[in-house]
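The values are calculated or read from the model by the stated rules, or taken from the named source; none is laboratory data. Remember, predicted model here, so these are calculated numbers, not experimental data. For neighbour counting, all protein chains shown are included, and Cβ atoms are generated from backbone atoms with ideal geometry for every residue, glycine included.
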Amino acid sequence: MNKKLLRFFSLTLAVLMIFSLCSCAGNVEEEEEEEIKYASEVPVGKAEVLARFNEVMKTAKEGKPAISYSLGQGAGGCECENATIKGGFKTIANKITNNDFAMSTEYGQPTTDVFPLMGTDEAAVLTLTDIRSAIITDNEGDTTYTIIIKINPETNPEQENSIYGKLYKIEKDEDILKHFDVVKDFMTADSYSATYGTGTIRAIVDKTTDHIIKLELSRDVRVETEVTGHGTLESVGTVPMSFDYNSTAHYDLNWDNPETEEVEA
């Protein structure tokens with residue numbers, strides 16, 4: 001290969017390397033520009049994570065974002081000495097859980113009746129004695145992190161002075177029993193006792209604002225009652241029955257102010 005040709009190839013290679021380095025530098029600058037800026041340092045440890053949860057719940061309660069709420073429900077695991085009631089429980093469960101209690105608010109409207117604490121202007125505040133664990137998952141490559149909290153079990157919690165009462169609107173026993181009215185032609189429930197298992201809170205929070213954008217509150221309950229047969233089931237008399245009830249409250253929060261062009265994440 002003559003010297004002129006060798007110099008030509010060398011010069012071409014050098015030019016290509018320069019363009020390659022420029023391209024890489026451009027990519028680095030682009031990646032740096034896309035780096036997520038955290039509103040605050042992601043907490044570590046049970047106490048710090050719980051404190052962050054209480055903080056973002058307070059911000060959501062007071063900030064009045066638009067909120068869409070629904071409640072998914074289900075029931076199963078029936079135990080009853082009467083084979084007819086036990087065999088027909090799937091139909092009973094579908095009837096007594098056939099309501100999602102959907103609600104929504106517009107941006108700027110009060111969150112009193114839709115966001116915990118229900119029925120007040122105060123936000124839910126959990127303590128370390130209320131929970132088993134609290135962790136954060138930093139969703140790498142995403143603009144969010146997830147708070148996951150496990151709530152301690154309770155038996156027959158009431159709206160006041162209970163862990164679950166801070167997160168849910170808990171009905172009185174007599175109101176809960178009214179849900180069985182949809183099957184009153186062949187069965188009525190005469191008593192109610194509920195053991196709440198370990199519940200789960202899952203809050204998805206925007207890293208750049210520390211605003212909750214999604215919240216899920218899940219509970220698993222073992223219900224014990226006595227039922228009395230009517231109509232075609234009158235011969236059943238009164239028998240004990242127990243079953244599992246589960247529900248998850250879903251919240252979608254939108255912080256965009258429709259009256260401004262600025263989008264609040």
Could we say that ASP185 is within 18 Å of ALA93 (Cβ to Cβ) and at pLDDT below 95 here? yes
Near pairs, Cβ below 9 angstrom, 6+ apart or cross-chain, from the range 143-158 (without any contact (Cβ under 8 Å) to a residue 40 or more places away in the chain and surrounded by fewer than 17 Cβ atoms within 10 Å (Cβ to Cβ)) to any residue that is among the charged types (D, E, K, R) and assigned to a loop (DSSP other than H, G, I, E, B): GLU158/LYS172
Given (1) over 16 Å from the mean Cα position of the chain (by Cα); (2) closer than 25 Å to PHE53 by Cβ, index of the condition ARG202 fails: (1)
Could you list, in sequence order, all residues of the range 68-89 that are surrounded by 16 or more Cβ atoms within 10 Å (Cβ to Cβ), in a strand (DSSP E or B) and over 24 Å from the mean Cα position of the chain (by Cα)? CYS78, CYS80
Being closer than 30 Å to ASP142 by Cα, touching a residue at least 40 places away in the same chain (Cβ under 8 Å) and either of a type in the set (Asp, Glu) or not assigned by TED's automatic domain parsing to the domain that holds VAL49 (or both) narrows it down to one residue among ASP206, ASP185; which is it? ASP206
When the residues of the range 244-265 are filtered to those that are at pLDDT below 90 and within 23 Å of the chain's Cα centre (by Cα), which remaining residue is nearest to VAL223 (Cα to Cα)? ALA265
Restricted to the range 117-135, and to residues that are in contact with a strand residue (DSSP E or B) (Cβ under 6 Å, 6 or more places away or on another chain) and within 13 Å of ALA51 (Cα to Cα), which residue is surrounded by the most Cβ atoms within 10 Å (Cβ to Cβ)? ALA134
Filtering the range 38-96 down to residues that are under 29 Å from THR208 (Cβ atoms), free of Cβ contacts under 8 Å to residues at least 24 places away in the same chain and not hydrophobic (A, V, I, L, M, F, W, C) yields GLU41, GLY45, GLU48
Does VAL221 meet the test of being in contact (Cβ under 8 Å) with a residue 12 or more places away in the chain, assigned to a strand (DSSP E or B), of a type outside the set (Gly, Ala, Ser) and under 18 Å from THR84 (Cα atoms)? no
Out of (1) modelled with pLDDT under 90; (2) part of a helix (DSSP H, G or I); (3) within 22 Å of the chain's Cα centre (by Cα), the one VAL56 does not meet is (1)
